[in-house]
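What follows draws every value from the coordinates through simple rules; no lab data is involved. The shown structure was predicted, so the numbers you read here are calculated from the model rather than taken from an experiment. With ideal geometry, Cβ positions are generated from the backbone for all residues, glycine too; neighbour counts draw on all protein chains shown.
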Amino acid sequence: MIDVDLPTEGRNPRTLDLDTLPTLDVLRLINTEDATVPMVVAAVLPQIAELVDLAVVSLRRGGRVHYFGAGTSGRLAVIDAAELPPTFGIWGRVVAHNAGGPGALANAVSDVEDDAEQGARDAVEVAPGDIAIGIAASGRTPYVIGALRAAAGRGARTALISCNPHAPYGEEVEVHIGLATGPEVISGSTRMKAGTATKLVLNAFSTTLMVRLGRTYSNLMVSVNALNGKLRARLVRILVEATGMDVATCETALAEAGGNTRVALVALLGEVPTARATTALEEADGGVREALQRLRSA
């Protein structure tokens, strides 16, 4: 039975005649509804910023970020976590737990989202000081709530991303990012606006987290290592853009750094040998700008 008390489950008055319209008009309606999502996300930027700052502290202290979700929410969490290592060179620090496990990624698994005990079991690897982020369009998915309550009991900081700003469980977590996406084009189809809003929040959260951790330099991806010829060429171009130096100099620096772009960049901009650049980065927890500041103040 559809719960009309949930904002994402209500009937959208703007799409009542959806099934009588020609193809282009259906697409226009969907597009019009989708266009409201960025404004909804803009309204919760302070909450996203609060969560980023908590996560920065946790990761700098050796903690991890854990996502917990079911269905579309869980799949989006898996995508976000999976894309961080190749983009930012950070491995095993942001992990996703999807109700039903890997088998639920490509196929719907019945009843897993209602299993609060499974959520608690999936949270067993959460450690004190970690960040546990539940993702649930309704704001009350039992699997997610079970995971977050277990994580809080283990000493983790907790947050909820939902499309129900007034979700009662939002009062239990430290940060509730409540997205007012409203009713979907098709009632209850939260893979649509709710999914889009969730993807935007996850993109914004994880990307800003990586920026704050120094995994970029300016707006350049400098935390990717050169693992093949194509990637080495791309990273040489990044070094050229970041330093203004010639290709040959950047190729040599990247080779001397063993393909580590950040080491090569610090060595070039700091005018120091690779070994010193490596040490400076280690002292700066991997942050390029902080490593350079340390070198200049030494």
Given just the C-alpha atoms of region 216-297, how large is their convex hull per residue in cubic angstrom?
-> 77 Å³
Answer label, with Cα extents along the principal axes in Å calculated from the coordinates and candidates [x] 66, 50, 35; [y] 51, 43, 38; [z] 56, 40, 36 | [x]
Could you calculate the FRET efficiency of residue 204 with residue 83 from 1/(1 + (r/R0)^6), where r is the beta carbon distance between them and R0 is 22 Å, rounded to 0.05?
-> 0.95
Extending each Cα 7 Å along its Cβ direction at residue 285 and residue 53, get the distance between those two points in nm, one decimal.
-> 1.5 nm
Isotropically averaged projected area of region 151-298, using the convex hull of Cα atoms (one quarter of hull area), nm² | 12.9 nm²
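Taking neighbour Cβ counts within 10 Å as the exposure measure, how do 59, 220 sort from fewest upward?
In order of increasing Cβ crowding within 10 Å: 220, 59.
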With the 8 Å Cα cutoff and a minimum separation of six or more residues, region 113-166 has a relative contact order in percent of 46 percent
Got the relative contact order for region 202-280 handy, in percent, Cα pairs under 8 Å and 6 or more residues apart?
-> 22 percent
Cα point-scatterer Debye curve for region 95-156, base-10 log of I(q)/I(0) at q = 0.21 Å⁻¹ | -0.77
Angle in degrees between helix 274-283 and the longest Cα principal axis of the chain, rounded to the nearest 10 | 40 degrees
0 to 90° range, to nearest 10: angle between helix 142-153 axis and the chain longest Cα axis | 50 degrees
Counting each DSSP H run of 4 or more residues in the chain as -39500 (n - 2.57), what helix-only mean residue ellipticity at 222 nm follows after dividing by all residues, to the nearest 500 deg cm²/dmol?
-> -15500 deg cm²/dmol
So what is the relative contact order of region 7-212, in percent, for Cα pairs below 8 Å that sit 6 or more residues apart?
-> 29 percent
Can you give the angle from 0 to 90° between the axis of helix 45-60 and the longest principal axis of the chain, with both taken from C-alpha atoms, to the nearest 10?
-> 50 degrees
